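Each remark here refers to the structure printed beneath this line.
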Amino acid sequence: MAMKNLACVMIMVVVVVVANSPSAMAALTCGQVVGSLSPCITYAKGNGAGKPPGGCCSGISAVNNMAKTTPDRQTACRCLKSAASQIPGINYNLVASLPSKCNVNIPYKISPSTNCDSIR
């Protein structure tokens, strides 16, 4: 259940991680993404009061730093979307707010409707 919750948060964060960079073979794994973002689950299922846990913000930064290529960003996006589709109770508005609350600059909206193929 925790992995499913994390996956939902991960989808949102992965979308956040997408930034411009050269294409290459994907080296980022779903396990890395989910493991890094698992500290965000409780916050993403809550009411948004207070700051996100430090582990959540460091996880978002870590995924952002790991997803340097287009294939890595697309892999992370697909992983998160797949996992999130199985997790009830995630507040997608809170998920979308995580990058700014964690001071991570993402040039697009984090959303379950994001087309992972469009991520560069």
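Ranking of 120, 73 by solvent-accessible surface, largest first: 120, 73 (1.4 Å probe, protein heavy atoms only, all chains present).
Once you divide the Cα radius of gyration of the range 30-118 by 2.2 N^0.38 Å, the number left is 1.00. Sorting 57, 30 by solvent-accessible area of protein heavy atoms yields 30, 57, largest first, with a 1.4 Å probe.
Average accessible surface for the range 30-118: 47 Å² per residue, computed with a 1.4 Å probe over protein heavy atoms with every protein chain in place.
The values are calculated or read from the model by the stated rules, or taken from the named source; none is laboratory data. Please read these numbers as outputs of a predicted model, since none were measured by experiment. Keep in mind that these areas ignore ligands, DNA and RNA; they rest on the heavy atoms of the full protein, side chains included. Shrake-Rupley method; radii C 1.70, N 1.55, O 1.52, S 1.80 Å.
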